[in-house]
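Asker: Pasting in a structure now, in structure tokens, and then I'll have a few things to ask.
The values are calculated or read from the model by the stated rules, or taken from the named source; none is laboratory data. The structure presented is a predicted model; accordingly, all values stated were derived computationally and were not measured. Glycine gets a Cβ as well: all are built from the backbone with ideal geometry, and neighbour counts include every protein chain shown.
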Amino acid sequence: MDAAPAVEMRRITKRFPGVVANDRVDFSARWCELHALIGENGAGKTTLMNVLYGLLHADSGEILVSGRQVHISTSRDAIGLGIGMVHQQFMLVPAFTALENIILGAEPVKLGRTDYRLAERKVRDTCDRFQLHVDLHAKVADLSVSSEQKVEILKALYRDARILILDEPTSVLSPQEAESLFKMLRRLTSEGMCVILISHKLHEVMAYSDRVTVLRQGRSVACMETASTDPEELSRLMVGAETGVLAAEEGAVSPGSGAPVLVVRDLSVKDDGGAPGRIVSPLSFEVHAREILGIAGVDGNGQRELVEALVGLRRAAGSASLDGREFLGMSVRQRLGLGLAYVPEDRRLALVPEYSIQDNAILGLHRERAFARHGVLNATAARANASDLIERFDVRAVGPGMPARFLSGGNQQKLVLGRALCGNPRLLIACQPTRGLDVSAAAEIHRRLLETRDRSGGILLVSYDLDEIFALSDRILVMFRGEIAGILSREEATRENVGALMTGAAR
């Protein structure tokens, strides 16, 4: 194995309009190492790794791979140097099979045609070597999120990656899937690879990484052996001061005591594609005022379809009422008018990237009298609203006029959630509200959700992060194969029995 570090990045600087994302950052990762890269939202973690992978070009600085200075201007350059990257938002073609996605752009050719037999043999050898098994002939659109992630990893390994970057890889995985992922990553490092993990989950960093680098406000502030530190020190390094960022995850939550806000009876959802059977079987539940009902389950068990039915994005049978008013037959706009607010799991569906923060902050609210009269937008009111949201939710931006696409992923998420909460909704349906957020930002979002609940609002929380479910939920509804596997009180719920319900083992 090479004596030199797998990768060194020296004094990397990357600027965007009005923002210095990376300010003379130093970073080094070794072979046979799982190296964690942490920091608050906007600290420059993903930007730094996008520079390493060739998706962005640094304004200054140098990169060395195995001790040799290299020039990386495109991802093709990075791949040629043995660098692979699995992004938080997967870059796959849904209509292609897993195999077609893995070999896309690097297809073996025989007599002028793609040799799928040779490709499949090579991919299966990689699957067996690293115990990464996926249905190679299934279309990506039909795969679970964890299987899509495996496809992304296989894409990199198929191209002989020796340095693998993963951006928030467990944000949509169940605890069992996350543990399986880290076992696989350990197999990669045992084979001599270098794995770089961008994460905001400090318990994962402590449990699985060998070393950790901390970025704060675009600068590298520490690099240390993981065994020599603890979550409190890492959190302090991330935010630059003593902080109680973990308190929200450990605080007690009082049970809901109000009347039902949301009442669902015998709601079912069929496959829009016309496939037989139901994605969501007839199910019934309630969300009370002053209550957070958490929905737990492995991704792909009907949670997304249930939420889409409730917010009006998918047809459903049965009954659903908000404060006694049946709404399944209403439009999305009418449901919003009843006091329903929605935070989708994919923030890209909730923002117009080219629009300013000011315009994005009033999407769905732009017809209200506070922001428009006789069809004409009140720019002054919209700007004041955006400025208030930026301040209240700590959105790191140069001002209301900044296009949303220049915000980091975490700051985009805070913008989406802030917009939903600013209207004091009667019912908030929040899906993965802290996905991609660091510890400090996630704790702040948790506090905001608890404040909303305490103002007598009801919250339906869908999260694949069990830590979040246990931190916030008054009751936990577990879904398995489109059905309710169980509804547990806070006192009844343990990781063991919730995990058993999530996998069907408790049936």
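Asker: Sort out which residues of the range 491-502 are surrounded by fewer than 16 Cβ atoms within 10 Å (Cβ to Cβ) and touching a residue at least 24 places away in the same chain (Cβ under 8 Å), and write them in order of number.
Answerer: ARG495
Asker: Follow-up. From the residues in the range 306-336 that are in a helix (DSSP H, G or I) and free of Cβ contacts under 8 Å to residues at least 60 places away in the same chain, which one is surrounded by the fewest Cβ atoms within 10 Å (Cβ to Cβ)?
Answerer: Checked the range 306-336; the qualifying residue surrounded by the fewest Cβ atoms within 10 Å (Cβ to Cβ) is ARG333.
Asker: What single numbered condition from (1) part of a loop (DSSP other than H, G, I, E, B); (2) at pLDDT below 90 fails to hold for SER73?
Answerer: SER73 satisfies every listed condition except (2).
Asker: Let me ask another. Please work out if GLY42 is crowded, with 18+ Cβ neighbours inside 10 Å, over 17 Å from LEU215 (Cα atoms) and either assigned by TED's automatic domain parsing to the domain that holds GLY240 or not aliphatic (A, V, I, L, M) (or both).
Answerer: So GLY42 does not fit the description; no.
Asker: Any idea which of VAL151, VAL195, VAL212 is more than 17 Å from the chain's Cα centre (by Cα) and over 27 Å from ALA106 (Cβ atoms)?
Answerer: Exactly one residue qualifies, and that residue is VAL212.
Asker: From the list LEU351, LEU340, exactly one residue is crowded, with 19+ Cβ neighbours inside 10 Å, among the hydrophobic types (A, V, I, L, M, F, W, C), touching a residue at least 60 places away in the same chain (Cβ under 8 Å) and within 22 Å of VAL269 (Cα to Cα). Which is it?
Answerer: Only one candidate qualifies: LEU340.
Asker: I want to confirm something. Restricting to the range 419-442 and keeping residues that are in a loop (DSSP other than H, G, I, E, B) and modelled with pLDDT of 80 or more, which single residue is surrounded by the fewest Cβ atoms within 10 Å (Cβ to Cβ)?
Answerer: Once the filter is applied, the top-ranked residue is ASN424.
Asker: Same structure, new question: Would you mind stating whether GLY364 is assigned to a loop (DSSP other than H, G, I, E, B) and within 17 Å of VAL19 (Cα to Cα)?
Answerer: No, not satisfied.
Asker: On to the next question. Quick test for you: out of VAL398, VAL416, pick the one residue that is in a loop (DSSP other than H, G, I, E, B), of a type outside the set (Gly, Ala, Ser) and closer than 28 Å to VAL214 by Cα.
Answerer: VAL398
Asker: Evaluate the following for VAL25: is it surrounded by 17 or more Cβ atoms within 10 Å (Cβ to Cβ) and at pLDDT below 90?
Answerer: Against the criterion (surrounded by 17 or more Cβ atoms within 10 Å (Cβ to Cβ) and at pLDDT below 90), VAL25 does not qualify.
Asker: Moving to a separate point now. Tell me, yes or no, whether the range 368-388 has at least one residue that is closer than 24 Å to GLU168 by Cβ and out of contact with any Cys (no Cβ under 9 Å at 6 or more places or on another chain).
Answerer: Within the range 368-388, none of the residues are closer than 24 Å to GLU168 by Cβ and out of contact with any Cys (no Cβ under 9 Å at 6 or more places or on another chain).
Asker: Of all residues in the range 472-507, count the ones that are farther than 22 Å from PRO260 by Cα and in a helix (DSSP H, G or I).
Answerer: 8
Asker: I've got another one for you. Can you find even one residue in the range 443-454 that is under 19 Å from the mean Cα position of the chain (by Cα), in a loop (DSSP other than H, G, I, E, B), surrounded by fewer than 24 Cβ atoms within 10 Å (Cβ to Cβ) and in contact (Cβ under 8 Å) with a residue 40 or more places away in the chain?
Answerer: no
Asker: Based on this model, can you work out whether SER356 counts as surrounded by 15 or more Cβ atoms within 10 Å (Cβ to Cβ), over 28 Å from the mean Cα position of the chain (by Cα) and at pLDDT 90 or above?
Answerer: Judged against the criteria, SER356 is not a match.
Asker: Starting from residues that are touching a Ser or Thr at 6+ places or on another chain (Cβ under 8 Å) and at pLDDT 95 or above, keep the ones in the range 223-247 and report whichever is farthest from ARG24 (Cα to Cα).
Answerer: Among those that are touching a Ser or Thr at 6+ places or on another chain (Cβ under 8 Å) and at pLDDT 95 or above, it is THR226.
Asker: If VAL123 satisfies every condition in (1) without any contact (Cβ under 8 Å) to a residue 60 or more places away in the chain; (2) of a type in the set (Val, Ile, Thr); (3) closer than 22 Å to ALA442 by Cα but one, which is the exception?
Answerer: The number of the failed condition is (3).
Asker: Any idea which residue in the range 79-112 is farthest from GLY54 (Cα to Cα), counting only those that are out of contact with any Asp or Glu (no Cβ under 7 Å at 6 or more places or on another chain) and of a type in the set (S, T, N, Q)?
Answerer: THR97
Asker: Within the group LEU166, LEU173, which residue is at pLDDT below 85 and closer than 30 Å to ALA500 by Cβ?
Answerer: LEU173
Asker: Just need a number here: residues in the range 288-306 that are in contact with a Lys or Arg (Cβ under 9 Å, 6 or more places away or on another chain) and among the β-branched types (Val, Ile, Thr).
Answerer: 1
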